[in-house]
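A short worksheet on the structure shown next.
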Amino acid sequence: QVQLVESGGGLVQAGGSLRLSCAASGSAFSGYTMVWFRQVPGKEQEFVASITWSAGSYYADSVKGRFTISRDDAKKTVYLQMNSLKPDDTAVYYCAADRGVIARSPLAFRYWGQGTQVTVSS
């Protein structure tokens, strides 16, 4: 079992930056793929970025070049550095995890955090 807790969301003006954190507890972290999804009301969850157990990273086209995902296995934490934020980035951001998974579908991940709201004003 893995428990995930996100933090770092908030309100920021367009062009600004935020860093989201997702702290894991309860089980081994190093063998897990960590992923960020986001969701706006009335829409499906959208893949944002993921990082594998070997630090391979993947990004949605909409955030490539602006967002950076990283992990600190010693702290059991994954980060999402979000730069040049746009109003379209406004969403609830969710951290998810699972062992040995490389996927962009939320169905592939068993463990989820509660989400953190990111609001980008124009």
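Looking at segment 32-46, is at least one residue more than 19 Å from Gly115 (Cβ to Cβ) and either modelled with pLDDT under 95 or hydroxyl-bearing (Ser, Thr, Tyr) (or both)? Let's see the steps before the verdict.
First, the residues of segment 32-46 that are more than 19 Å from Gly115 (Cβ to Cβ): none.
Within segment 32-46, none of the residues are more than 19 Å from Gly115 (Cβ to Cβ) and either modelled with pLDDT under 95 or hydroxyl-bearing (Ser, Thr, Tyr) (or both).
Results for (1) touching a helix residue (DSSP H, G or I) at 6+ places or on another chain (Cβ under 9 Å); (2) at positive phi; (3) open to solvent by less than 60 Å² (accessible area, probe 1.4 Å), shown as yes or no for each residue.
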residue: Gln3; (1), (2), (3): no, no, no
residue: Gly8; (1), (2), (3): no, yes, yes
residue: Arg19; (1), (2), (3): no, no, no
residue: Ala24; (1), (2), (3): no, no, yes
residue: Ser57; (1), (2), (3): no, no, yes
residue: Arg66; (1), (2), (3): yes, no, yes
residue: Ile69; (1), (2), (3): no, no, yes
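One line per residue, one yes/no per condition, for (1) exposed (fewer than 14 other Cβ atoms within 10 Å of the Cβ); (2) charged (D, E, K, R); (3) under 20 Å from Gly16 (Cβ atoms):
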| site | (1), (2), (3) |
| --- | --- |
| Ala60 | no, no, yes |
| Thr77 | no, no, no |
| Leu80 | no, no, yes |
| Asp88 | yes, yes, yes |
| Pro106 | no, no, no |
| Gly113 | no, no, no |
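The values are calculated or read from the model by the stated rules, or taken from the named source; none is laboratory data. The model shown is predicted, which means the values in this text are computed figures rather than measured ones. Ideal geometry is used to build each Cβ from the backbone, glycine not excepted, and the neighbour counts take in all protein chains shown. Only protein heavy atoms, including side chains, enter the accessible area calculation; ligands, DNA and RNA are left aside. Shrake-Rupley method; radii C 1.70, N 1.55, O 1.52, S 1.80 Å.
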